């Protein structure tokens, strides 16, 4: 099977033109015409993931985060990105990512977040499609909502602003979505769930709260979605889930 055929299956789910202008989704290493015999699906394109691809005979990797975001001035084997580039080229592995196009796709990362929280009839937060807003099945206190979020995302740690008295309307934005906080609150969200929240973003309007569940925690579920998409389109093709997906680069002590 050609790499472009695998890419086409993913892009039917998450169209490549919908990615943000700054993004680098799609094939970043290899040819669309390359013959692919097996695919390894992961979250980050790390050297460890590429080594696993080699060990499992996968000649294409599909990840959520692109390996290359901007121009590379130097390919250094001691740098994680440089090492991954060298491994991919040395072993003839096609490297593909579905990033912001998968964030905003129906059934993509933000949808998965909203579903995990049980939001009812979530709608786009704005025209970008990088956030959703919806209602909880029933109102709950701010502290109860924090406990609910920790349970639903299997969190050891949750960072949040002062819990509010009641949460009914909730907005989500996966990954580093704190820039959408103002839009979330203007849209009437009592709580905004995202990741990578900086200190000053915790100063929120009265009666509102922001919750930081972590970047990896908010997005890692997309890996199994990619696997599902590929297996549905190509039921007899070898599609593997990387063991590296549980390796959150952030540790909590």
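The values are calculated or read from the model by the stated rules, or taken from the named source; none is laboratory data. This one's a predicted model, so the numbers in the text were calculated from it and none came from an experiment. All Cβ positions, glycine included, derive from the backbone under ideal geometry; neighbour counts span all protein chains shown.
Things worth noting here:
- Some residue of the range 9-28 being over 16 Å from the mean Cα position of the chain (by Cα), crowded, with 23+ Cβ neighbours inside 10 Å and either at pLDDT 95 or above or part of a loop (DSSP other than H, G, I, E, B) (or both): no
- Hits in the range 111-125 - residues which are assigned to a helix (DSSP H, G or I) and within 13 Å of residue 193 (Cβ to Cβ): 112, 113, 114, 115, 116, 117
- When 170, 157, 197, 164 are checked against the criterion of being assigned by TED's automatic domain parsing to the domain that holds residue 126, assigned to a loop (DSSP other than H, G, I, E, B) and under 22 Å from residue 102 (Cα atoms), 197 stands alone in meeting it.
- For the condition at pLDDT below 95, within 21 Å of the chain's Cα centre (by Cα) and under 29 Å from residue 246 (Cβ atoms), residue 156 qualifies.
- Within the range 33-46, the residues that satisfy the criterion of being more than 17 Å from the chain's Cα centre (by Cα) and either crowded, with 19+ Cβ neighbours inside 10 Å or touching a residue at least 60 places away in the same chain (Cβ under 8 Å) (or both) are 34, 36, 37, 38, 39.
- Residue among 207, 188, 175 that is in contact with a strand residue (DSSP E or B) (Cβ under 6 Å, 6 or more places away or on another chain) and part of a loop (DSSP other than H, G, I, E, B): 188
- For residue 196, the stated conditions do not hold, so it cannot be described as over 30 Å from residue 36 (Cα atoms), modelled with pLDDT under 95 and surrounded by fewer than 21 Cβ atoms within 10 Å (Cβ to Cβ).
- Some residue of the range 232-242 being part of a helix (DSSP H, G or I) and within 30 Å of residue 55 (Cβ to Cβ): yes
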